[in-house]
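K.L.:
The structure follows.
The values are calculated or read from the model by the stated rules, or taken from the named source; none is laboratory data. None of these values were measured; they are calculated from a predicted model. Note that each Cβ is placed from the backbone with ideal geometry, even for glycine, and that neighbours are counted across all protein chains shown. Please note that ligands, DNA and RNA were not included when accessible areas were found on the heavy atoms of the full protein model with its side chains. Shrake-Rupley method; radii C 1.70, N 1.55, O 1.52, S 1.80 Å.
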Amino acid sequence: MAISRCDEADAWLGPHRAPLIGFVLPLVNGDLQAAEDVVQETMLKGWQHSTELRPEQARSWLHTVARNIAISAYGVDRMSDAWLLGTALNSLRPAHRAVIIELFYHRRTVAETAELLGIPEGTVRSRCFYGLRALRAALEKQGITRP
């Protein structure tokens, strides 16, 4: 019984699937579904080029292809998300924006934020509450979240 091209390619491509998922996960912010999508597309490209590739080349070739797919497909999404969030943040009152940036981007505590901004902790909490509410409204206006 003859071994088909598909079976032959799968024999040397298959063992690379799990390591590729581990490699791609950080590139897609830990999104397992996105990593699996990237790896599936990578394996398809590997199968399409299986007659040109030697099994000893497969690892580095597959990793390069996976990185390129992840960057082009998911890097653009992250940049787009960052731009939309930046636009929404810029629409907030400066006092609300300052509190949200300190709490969520710089990961400061309420006490640290209060000290840094020279305001009471209760004011930090209040500005955070109203700032997040305004941020949600700005994102809804952009079509990012639902009411």
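K.L.:
From largest accessible area down, sort 96, 49; use a 1.4 Å probe on the protein chains.
P.N.:
Sorted descending by solvent-accessible area, the residues read 49, 96.
K.L.:
What is the Cα convex hull volume of the chain when expressed per residue in Å³? Provide the component values of the computation, followed by the final result.
P.N.:
On the way: hull volume 20.6 nm³, N = 147.
Hull volume over Cα atoms, normalised by residue count, gives 140 Å³.
K.L.:
From the helices alone, meaning DSSP H stretches of at least four residues, give me the mean residue ellipticity at 222 nm for the chain, per-run term -39500 (n - 2.57), in deg cm²/dmol to the nearest 500.
P.N.:
Dividing the helical sum by the residues of the chain leaves -21500 deg cm²/dmol.
K.L.:
May I ask you to list the GluC sites (Glu not before Pro) in the stretch 6-67 that are in a DSSP loop and have at most 16 other Cβ atoms within 10 Å of their Cβ?
P.N.:
Answer by residue number: 52.
K.L.:
How many nm is it between the label spots at residue 123 and residue 51, if each spot is 7 Å from the Cα in line with the beta carbon?
P.N.:
Each label point lies 7 Å from its Cα, and together they span 7.3 nm.
K.L.:
Out of 84, 116, 32, any idea which swings most in a Gaussian network model of the chain, alpha carbons joined below 10 Å?
P.N.:
It is 116.
K.L.:
Given 4 °C and 1.567 mPa s, how large is the Stokes-Einstein diffusion coefficient of the stretch 69-147 in µm²/s, with Rh as the Kirkwood radius over Cα pairs?
P.N.:
Using the Kirkwood radius from Cα pairs, D works out to 96 µm²/s.
K.L.:
Name the trypsin sites (Lys or Arg not before Pro) in the stretch 65-132 that are in a loop by DSSP and that have at most 14 other C-beta atoms within 10 Å, would you?
P.N.:
Loop-located and lightly packed - 107.
K.L.:
While we're looking at this one, here's another question. Quote to one decimal, in nm, the extra length available between residue 82 and residue 12 on full extension: 0.36 nm per residue of separation minus the C-alpha distance between them.
P.N.:
21.3 nm
K.L.:
What does the charge count near residue 59 come to, summing +1 for each Lys or Arg and -1 for each Asp or Glu among other residues with Cβ under 15 Å from its Cβ?
P.N.:
+3
K.L.:
If you build a Gaussian network model of the chain, linking Cα atoms that sit under 10 Å apart, which residue out of 118, 30, 86 swings the most?
P.N.:
Checking each option, the largest mean-square fluctuation is seen for 118.
K.L.:
Also, quick follow-up: What's the FRET efficiency of residue 112 with residue 73 using the Cβ-Cβ distance as r and R₀ = 22 Å, to the nearest 0.05?
P.N.:
According to the calculation, E is roughly 0.05.
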